[in-house]
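Report on one structure; see the data block that follows.
Values quoted throughout were computed directly from the atomic coordinates according to the rules given, and no laboratory measurement underlies them. The structure presented is a predicted model; accordingly, all values stated were derived computationally and were not measured. Cβ coordinates were reconstructed from backbone atoms using ideal geometry, including for glycine residues, and neighbour counts include every protein chain displayed.
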Amino acid sequence: MNSKTCFIGAVEIGTSKITVLIGEYTGRELAIIGRGECSSRGVFKGMVADYKAASDATHSAVEQAEREAGERIDYVFLSQTGSHLEGFYNEAAVNVKASDNMIDQGDVRTVCELAKAKELPVGRAVVHNIRRPFRVDGRLVPGNPENLVGQRLDVGYWTVHGQEQRLADNIHVIRGFNLEVRELVLASLASGHMVTSPEERQHGVLAIDIGGGTTDFVLYRDGAPHTTGVVPVGGSHLTNDLSIGLRLTEGQAEKLKLRFGRAGIITKDKAQKVWLDGNFAIGDRQFPQLAIEQITSARIWELLEVVKKKLGSSFSPQTCASGVVLTGGTAKLAGIAETAAKVFGVPAHLGEAPTWISENLRDPSYHTALGLLYYGVNAKAEKTKSPRRRGGLLESVTRLFAQS
Amino acid sequence: MSPDNTNVPSTRSWRDISQPVKSRAMSRGGRVRLVLAAARSLAFGLLVAGVAWGCWTVFEALQHDGQPKSAAAKTGPLKTPELVRSHDGVLDNAWLVRTLRLPAGISLIELDLANLRERLLADRQVLTAGLTRHFPDRLTVQITERMPIARVRVKESGEERDFLVAGDGVVYLGSGYDVGILRTLPWLDGLRLARDGTGFRASVDLDPVARLLVAAQYSAPHLYRTWQTVSLARLVLDRELEVTNGQGVTVVFNAKGEFFPQLARLDFVLERRDRLQMAGTMRIDLSLGREVPFTIEPSPAVEAKSVAARAPTPPATLTFQLRTKREL
């Protein structure tokens, strides 16, 4: 183990489950060496409602992961979700200063600062400033526009912000275990980064992560996140609907959902019934399959409709050529891809982790934690690379001679 | 999204949220980690401090002409060495200063103690010597001295010189002794000397002589005071010592036996002689155990002789047998 090796914890505090993955990062490679899971407590719709319960559950998962890894976490990448997260778009344009119309670093910095300079309401804090591609005289520039020639430089930022108290609650849960939160990553960005390929993102793709209490989505266009959002509805609502509709306890409803729930109706026979437990024990009873499918499919259809409505004009089948990718625990519901395809009018499929992810981590419920690690590490690598390019030793020496 | 599209927010960001939490908001595991982290920080701090101290020490040492500045090097010039002698010793501080011959202004650390010890032991009066440094500027010297049991006159290069003889056979000049005390020491006659370094050493074992003289000195001091010569002429062959006093009495001691009974018999014989008022040179042989033959040569009173060494008196012609004490 070299001196640069660090152990990064990816923590997803979900409504139904808390997942912790530990990655051993050497500066070049990332290896996942530990995993911890725990049923979530004290978390409601992705937000910490009971600090003590949420802390205990999270710390238990962290300890489990550290035991499996045999190492201590150095710092944490924490996923962030919840209905308090909102986003807005703001853009700015500058006229290129140079007489030869060549864009320099100053132009880029100025236009970026202008585009981000939007005041937030009191009590809100920025989680992400996601830059959309530059435009030079209306022409799309996927990369850095520096040294290109043009008269006008445009850029827009999708700013995700959330309630400061809610963000602090999540951070303090991790700090309660004396761990530093190094990166706060939107859950939709983490899972979307994991289940979509760069080509899909370039062509346009909508990634929807349906969790237990929330549904996070991110729409990619031109290779970059275009719009993100959170809907405070998830798999637990399906369970709740079944519980009310069929007069069941939460546990029984959850069991029925997992065994017989569908995102579409395929049962024609109204008399077709399914057993609650199937063991014919006392208390075991039958329920109409059609009723189960009607309840779950209606809720899923509604959920996807809400997502589509939230996307508004940002989404259109023409700008989302790669279709919809579904992930998260509720994405395992049968027939959900077909329903999504019908709702959005584009092809839809279940997201899969890249092939180099080991088999025991390929379940959709791990996509967010995996994405946290890879997204966070890439962001970290970019941050450490940039200053070196700008202020390396050679440049310092050159500047020294230039001054003298 | 690719990470290069994300810039650090310029407005209030989640990074502005204070992360530390109070101890009560931490779980037990968190508190344990906190303590461990603090311990690690402390250990690291100590390590850094240790390294810094080490660097500073090396730097300080280099500042002083490239030589480490020890506590000893910080000392000033040495004070006069102190002599710690055994209770019966006669050597004094002046002798010590003379013998050590220390250069002025020398510091304690510069002393070569082994060499100084050699210098002290070169004086054959010194039996053992120990030197101890007491920083910053004191040197103490512990010595034990040889005690003289007799005197001997040695003719060397045609010149006669008087030496003292210690019980271990070492012959030395001696210094610091009271002249009056030295005059009470008997002379040794017939002693063969051998060269020993720069001095002399008795070639025979002087242990019987030492035992006799010590016994006489402490058991019969009135006899010892009159003894002038102890002859070793017959020591090797007959294991006999011949003592002559200043009153013309020659006594033969058995060197193999105990001296205390022999001295008692001598005292008895001399007392009887005085009581019987028998005058003349006398020879008493104590080497035969309970039988003490003695001869008396009737002659005028023996004149007192000088303290100078002289040959033993020749034996008398008359012989008496001292059978028992009762008969006498």
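Computed quantities for the displayed model
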quantity: 3J(HN,Hα) from dihedral phi, region A:205-211, Karplus parametrisation 6.51/-1.76/1.60, rounded to Hz, x for glycine, proline; calculated: 8, 10, 9, 10, 10, 9, x
quantity: Furthest towards positive pole of dipole, B:VAL165, B:PRO221, B:GLY180, structure part region B:148-297, Cβ charges; calculated: B:PRO221
quantity: Unit charges on C-beta of K, R, D, E only; dipole of region B:82-145, Debye; calculated: 80 debye
quantity: DSSP bridge orientation in the protein assembly as shown - percent antiparallel, rounded to nearest 5; calculated: 75 percent
quantity: Nearest-0.05 FRET efficiency for A:ALA117 and A:ALA31, computed from C-beta distance (R0 35 Å); calculated: 0.30
quantity: Nonlocal amide H pairs with A:GLY14, under 5 Å, H built at 1.01 Å; calculated: A:THR19
quantity: Pairs beyond 23 Å (Cα-Cα), from A:LYS17/B:LYS22; A:LYS255/A:LYS309; A:LYS17/A:LYS45; A:LYS270/A:LYS332; calculated: A:LYS17/B:LYS22; A:LYS255/A:LYS309; A:LYS270/A:LYS332
quantity: Karplus 3J(HN,Hα) series, Hz, for region A:244-256 with 6.51 cos²θ - 1.76 cosθ + 1.60 (x for Gly, Pro); calculated: 6, x, 10, 6, 10, 6, 4, x, 5, 4, 4, 5, 5
quantity: Alpha-carbon centroid distance for the pair region A:3-65 / region A:247-326, whole angstrom; calculated: 29 Å
quantity: Cα centroid of region B:147-190 to Cα centroid of region B:241-287, whole Å; calculated: 24 Å
quantity: Amide H within-cut-off set for B:THR229, under 5 Å, with H built and near neighbours excluded; calculated: B:TRP187, B:THR244
quantity: Additional length obtainable on full extension of the chain from B:ALA43 to B:PHE260, 0.36 nm per residue less Cα span; calculated: 70.5 nm
quantity: Paramagnetic reach from A:TYR89 (point 7 Å along Cα→Cβ, amide N under 13 Å) across region A:198-225; calculated: A:219-222, A:224-225
quantity: Distance in nm between pseudo-label sites at B:VAL154 and B:LEU182 (7 Å out along the Cβ direction from Cα); calculated: 1.5 nm
quantity: Cα gyration tensor, region A:250-369 - rounded (a/c under 1.5), prolate or oblate; calculated: oblate
quantity: Chymotrypsin sites (Phe, Trp or Tyr not before Pro) within region B:162-218: DSSP coil, no more than 16 neighbouring Cβ in 10 Å; calculated: B:TYR177
quantity: Interchain or long-range residues, amide H under 5 Å from A:ILE33's placed H; calculated: A:ILE22, A:GLY23, A:GLU24
quantity: Sequence-separation-based contact order of chain A, relative, with Cα cut under 8 Å and 6+ spacing, percent; calculated: 15 percent
quantity: Neighbour-limited loop hits for GluC sites (Glu not before Pro), region A:71-122 (at most 14 other Cβ within 10 Å; DSSP other than H, G, I, E, B); calculated: A:GLU119
quantity: Top of A:GLU24, A:GLU63, A:GLU359 by mean-square fluctuation, Gaussian network on chain A, Cα under 10 Å; calculated: A:GLU359
quantity: Chain A: antiparallel DSSP beta bridges as a percent of all, rounded to 5; calculated: 75 percent
quantity: Low-density loop positions, trypsin sites (Lys or Arg not before Pro), region B:79-121 - DSSP coil, at most 16 other Cβ in 10 Å; calculated: B:LYS79, B:ARG101
quantity: Region A:235-302: C-alpha gyration tensor shape, a/c 1.5 cut-off, then a/b vs b/c; calculated: oblate
quantity: Under the Karplus curve 6.51 cos²θ - 1.76 cosθ + 1.60, θ = phi - 60°, whole-Hz ³J(HN,Hα) for region A:85-91, x wherever Gly or Pro sits; calculated: 7, 9, x, 8, 10, 9, 10
quantity: Likely footprinting exposure, A:LEU184, B:LEU34, B:LEU263, B:LEU102, fewest C-beta neighbours within 10 Å first; calculated: B:LEU34, B:LEU102, B:LEU263, A:LEU184
quantity: Gyration tensor verdict on region B:157-247 (Cα atoms; rounded if a/c is under 1.5, prolate if a/b is larger than b/c, oblate otherwise); calculated: oblate
quantity: A:GLU199-A:GLU68 pseudo-label distance in nm [points 7 Å out on the Cα-to-Cβ vector]; calculated: 3.2 nm
quantity: Among A:239-246, B:225-232, B:153-160, the order from most to least packed when residues are scored by Cβ within 10 Å on average; calculated: B:225-232, A:239-246, B:153-160
quantity: Debye, to nearest 20: dipole size of the protein assembly as shown, +1 on Lys, Arg Cβ, -1 on Asp, Glu Cβ; calculated: 780 debye
